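Below is one structure, written out as structure tokens; the observations come after it.
The values are calculated or read from the model by the stated rules, or taken from the named source; none is laboratory data. Remember, predicted model here, so these are calculated numbers, not experimental data. Positions of Cβ are backbone-derived with ideal geometry, glycine not excepted, and every protein chain shown enters the neighbour counts. Side chains included, ligands, DNA and RNA excluded: accessible areas come from the protein's heavy atoms. Shrake-Rupley method; radii C 1.70, N 1.55, O 1.52, S 1.80 Å.
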Amino acid sequence: MKAVVYEGPRNVSVTDVPDARIERSTDVLVEITSTNICGSDLHMYEGRTDFEPGRWFGHENLGRVVEVGDGVDRVQVGGYVVLPFNIACGHCKNCERQLTNYCLSAQPEPSMAGAAYGFADMGPWAGGQAELLRVPWGDVNCLRLGEDAEERQTDYVMLADIFPTGYHATEMAGVEPGDQTVIYGAGPVGLMAALSATIRGASKVMVVDRHPDRLRLAESIGAIAIDDSKVDPVEAVLEETMGLGADNGCECVGYQAHEPDGQEQANLTMNRLVASVRFTGRIGTVGVFVPEDPGAADELAKQGKLAFDFGTFWFKGQHLGSGQAPVKRYNRQLRDLVAAGKAEPSFIVSHELPLDQAPEAYEHFDRRDDGWTKVVLHPAM
Ligand code: NAD
Ligand code: ZN
């Protein structure tokens with residue numbers, strides 16, 4: 001089968017790899033029909049992780065079930081399923097507490113955070129930017145979709161990661177009806193956080209970034225766009241909130257935060273969030289900060305730059321939530337909102353391409369080229 005194989009920093013190829021197959025009785029084999037490129041793939045693509053050349057990417061996957069193991073009884077051949085990026089056994093201590101993002105069975109090293117398809121440091125699992133994907137513990141890890149799945153794949157595929165992740169940011173931030181919410185980052189994750197804040201009833205959603213195309217998408221769902229290359233975003237938020245600050249905020253950037261002069265500064269968004277959010281407000285951080293990393297983040301950590309202004313955070317009595325999203329906690333409910341026509345996360349999709357065009361797509365998405373917001377690859381196209 002063909003897969004998007006990592007060759008080295010900023011180099012992927014579409015290459016033949018061994019076919020995925022059923023290996024255990026609880027496995028499900030899925031023919032992938034939609035698989036996204038994610039901002040999280042870029043941590044590996046840019047060479048900031050120890051992802052081994054020869055492995056393949058893909059943790060935002062949707063497809064049709066082509067085979068099930070003898071021990072699978074809820075998933076049927078022929079049906080469409082979307083696959084939460086967190087691989088979970090469903091039965092360990094963490095899974096039973098709904099912490100499927102920290103499953104103890106799917107991650108062979110208890111010191112590491114959870115497991116995912118095609119990901120550095122998240123277990124040995126193969127990715128879904130390929131024609132076939134083996135789904136372990138298939139009854140747990142497949143979310144079944146209805147009759148409209150084939151036609152609405154670009155909506156439903158967002159349930160694998162970024163829609164629940166954006167929602168998780170707003171959950172950790174405690175967004176309630178009437179709230180004024182600020183979101184740093186208008187990438188796919190930030191835009192999903194903006195959509196989620198709107199679904200939860202926020203009266204005002206402010207989105208900070210500097211890419212005009214992404215800010216326009218934020219405006220298209222009713223958010224206020226703040227271009228931090230033109231204005232001080234903290235002052236802009238204070239102006240929008242009568243000087244009080246936002247009720248809550250979401251960090252959807254991670255350690256690739258850039259200052260207008262192009263310098264990486266991972267604590268920038270955290271400090272701006274602390275300054276933008278009101279006294280006692282909550283902050284949800286879903287952007288990835290890696291503790292030990294061979295690349296830029298490690299350098300920043302060594303310089304102590306991943307620390308943020310804890311003094312102001314403490315003085316303001318704020319609260320902070322962080323980490324990988326437990327996708328399964330939300331994706332059934334979000335699926336039903338999509339099915340009912342009450343959420344259309346595909347508004348961020350800029351490109352639908354065959355698998356063969358993945359190398360160019362990675363280049364464009366990595367440069368945040370104008371108009372390249374979210375790429376859905378269709379291996380069967
Ligand atoms: P992305 O890189 O496409 O988007 C990030 C956006 O942030 C870009 O548009 C960029 O211009 C903007 N940005 C950079 N510096 C900024 C700053 N100082 N202020 C405001 N905006 C700034 O990536 P994405 O796909 O949207 O993902 C965002 C982050 O979320 C990544 O770190 C990704 O790994 C992470 N993520 C986490 C989870 C989770 O489970 N916690 C899941 C998916 C993705
Ligand atoms: Zn992702």
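Of the conditions (1) more than 13 Å from ligand 1 (Cβ to nearest atom); (2) within 24 Å of Arg335 (Cβ to Cβ), Pro18 satisfies every one except a single condition; which number is it?
Single failed check for Pro18: (2).
Are any residues in the stretch 255-277 open to solvent by less than 40 Å² (accessible area, probe 1.4 Å) and modelled with pLDDT under 95, and if so, which ones?
Tyr255, Gln256, Ala257, Ala266, Asn267, Leu268, Thr269, Met270
Have a look at Ala149, Ala160, Ala169 and point out the one that is among the hydrophobic types (A, V, I, L, M, F, W, C), modelled with pLDDT of 95 or more, more than 14 Å from ligand 2 (Cβ to nearest atom) and in contact with a strand residue (DSSP E or B) (Cβ under 8 Å, 6 or more places away or on another chain).
Details: Ala160 fails: more than 14 Å from ligand 2 (Cβ to nearest atom); Ala169 fails: more than 14 Å from ligand 2 (Cβ to nearest atom).
Criteria check complete, one pass: Ala149.
Would you mind finding the one in Ala126, Ala113, Ala186 that is within 27 Å of Thr241 (Cβ to Cβ) and in a loop (DSSP other than H, G, I, E, B)?
Numbers: Ala126 fails: within 27 Å of Thr241 (Cβ to Cβ); Ala113 fails: within 27 Å of Thr241 (Cβ to Cβ).
So the residue among Ala126, Ala113, Ala186 that is within 27 Å of Thr241 (Cβ to Cβ) and in a loop (DSSP other than H, G, I, E, B) is Ala186.
Considering only the stretch 104-146, how many residues are touching a strand residue (DSSP E or B) at 6+ places or on another chain (Cβ under 9 Å), of a type in the set (Gly, Ala, Ser) and at pLDDT below 95?
Selection size over the stretch 104-146: 3.
How many residues are open to solvent by 70 Å² or more (accessible area, probe 1.4 Å) and of a type outside the set (Asp, Glu) when one looks only at the stretch 232-254? Outline the logic, then answer.
Step one: filter the stretch 232-254 for residues open to solvent by 70 Å² or more (accessible area, probe 1.4 Å), giving 232, 235, 239, 242, 244.
Narrowing the set further to residues that are of a type outside the set (Asp, Glu) leaves 242, 244.
Qualifying residue count for the region: 2.
I want to confirm something. Restricting to the stretch 121-144 and keeping residues that are of a type outside the set (S, T, N, Q) and closer than 16 Å to Asn101 by Cβ, which single residue is most open to solvent (accessible area, probe 1.4 Å)?
Start the filter on the stretch 121-144 by keeping residues that are of a type outside the set (S, T, N, Q), which leaves 121-128, 130-140, 142-144.
Pick out the ones that are also closer than 16 Å to Asn101 by Cβ and you get 121-123, 125, 136-137, 140, 143.
Working: Asp121: 75, Met122: 12, Gly123: 14, Trp125: 39, Pro136: 4, Trp137: 46, Val140: 30, Leu143: 10 Å².
Here the residue is Asp121.
Can you list residue pairs whose Cβ atoms sit under 6 Å apart, with the first residue in the stretch 26-41 being open to solvent by 10 Å² or more (accessible area, probe 1.4 Å) and the second being within 14 Å of ligand 1 (Cβ to nearest atom) and modelled with pLDDT of 95 or more? Count only pairs 6 or more apart in sequence or on different chains.
Correct list of pairs: Gly39/Gly187.
For the stretch 34-70, which positions are over 19 Å from the mean Cα position of the chain (by Cα) and in a strand (DSSP E or B)?
Hits for the stretch 34-70 are Arg64, Val65, Val66, Glu67, Val68.
Anything in the stretch 216-230 that is in a loop (DSSP other than H, G, I, E, B) and surrounded by fewer than 13 Cβ atoms within 10 Å (Cβ to Cβ)? List them, or say none. Give the derivation first.
Kept after step one, since they are in a loop (DSSP other than H, G, I, E, B), are these residues of the stretch 216-230: 221-223, 228-230.
The answer is Gly222, Ser229, Lys230.
Here are the criteria: (1) assigned by TED's automatic domain parsing to the domain that holds Arg282; (2) part of a helix (DSSP H, G or I); (3) away from ligand 1 (no atom under 11 Å from the Cβ). Tell me which single one His168 does not satisfy.
Looking at each condition in turn, His168 falls short on (3).
If I filter the stretch 86-103 for residues that are open to solvent by less than 20 Å² (accessible area, probe 1.4 Å), outside any helix (DSSP H, G or I), away from ligand 1 (no atom under 16 Å from the Cβ) and within 21 Å of Ser40 (Cα to Cα), do I get at least one hit?
For the stretch 86-103, residues open to solvent by less than 20 Å² (accessible area, probe 1.4 Å), outside any helix (DSSP H, G or I), away from ligand 1 (no atom under 16 Å from the Cβ) and within 21 Å of Ser40 (Cα to Cα): absent.
Taking only the stretch 133-153 into account, find how many residues are within 21 Å of the chain's Cα centre (by Cα) and assigned to a helix (DSSP H, G or I).
Number of matching residues: 4.
Filtering the stretch 287-306 down to residues that are open to solvent by less than 20 Å² (accessible area, probe 1.4 Å) and among the hydrophobic types (A, V, I, L, M, F, W, C), which residue is modelled with the lowest pLDDT?
The extreme case among them is Ala297.
Just to be sure I understand the filter: pairs with C-beta atoms under 7 Å, separated by 6 or more residues or on different chains, first member in the stretch 244-259 and under 13 Å from Gly284 (Cα atoms), second member away from ligand 2 (no atom under 16 Å from the Cβ) and at pLDDT below 95. Which pairs pass?
Here the result reads Glu251/Thr269; Glu251/Met270; Val253/Thr269, each pair linking the stretch 244-259 to a residue that is away from ligand 2 (no atom under 16 Å from the Cβ) and at pLDDT below 95.
Select from the stretch 135-191 the residues that are of a type in the set (D, E, K, R) and touching a residue at least 24 places away in the same chain (Cβ under 8 Å) and list them in ascending order.
Residues satisfying the conditions are Asp139, Arg144, Asp148, Glu150, Arg152, Asp155, Asp161, Glu171, Glu176, Asp179.
Quick check on this structure: which one of Val66, Val17, Val5, Val30 is in contact with a Cys (Cβ under 9 Å, 6 or more places away or on another chain) and away from ligand 2 (no atom under 16 Å from the Cβ)?
Val30
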